[in-house]
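Reviewing the structure listed below.
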Amino acid sequence: MDSYDRENIILKKEYKHPDHPRCYCECESGSISVLMTAYDRANIGRRYYACGNIFDGLNCGFHQWYDCCEIVSPYVVDLLSTLNGAYCRAECQIMISLDDNMKLEHRIKQMEESTRNLSENLDKLNESHRRLEFENLELSNEIAAQRQIVKQVTEEKQKIIEDAAKVEFKVIIERIAH
């Protein structure tokens, strides 16, 4: 696999088939290799054996062609290339959708937090409103009581003025009479 460009391969794991001869990779575990299909442009459709640990992150780099340079028809090459392109685009769309979903989830959490804060503030405002209404009622009652006192004082003042005028009138009449 010296000249083989691993960066351009999209690996698809295939099930081990009893008709395929077993091939062991060179890693220490001596695991049975898996039969894969290459999807890069130069080798599209070609089958090869890869390390059995390739999907476990323990890949020893083993590679052996299964088909011994079997020629694949241009139709199959184009078909596999088209399918691979569609697969890559779908995978890209999935990644974009996942990223969008994560952004939306983050925004939803922010909005839920804002909603909780607004709800708490609304509860505080409602409590303040109830307290102010109670204080307003108390003040209205106090004002009504003060008005009643002012009315009584005014009436008493008027009565005192009338009484004083009567007394003064009597004094004047008594002086005139003497």
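The values are calculated or read from the model by the stated rules, or taken from the named source; none is laboratory data. These figures come from a predicted structure and were not determined experimentally. Note: ideal-geometry Cβ built from the backbone for every residue, glycine included; neighbour counts use all protein chains shown. Remember, those area values only see protein heavy atoms, side chains included, never the ligands or the DNA or RNA. Shrake-Rupley method; radii C 1.70, N 1.55, O 1.52, S 1.80 Å.
Averaged over residues, the count of other Cβ atoms within 10 Å places the peptides 136-149, 36-49 in the sequence 36-49, 136-149, highest first.
Per residue, segment 69-153 exposes 89 Å² of accessible surface when a 1.4 Å probe is rolled over the protein heavy atoms with every protein chain present. Charge tally around residue 149: other residues with Cβ under 11 Å, Lys/Arg +1 each, Asp/Glu -1 each, net -1.
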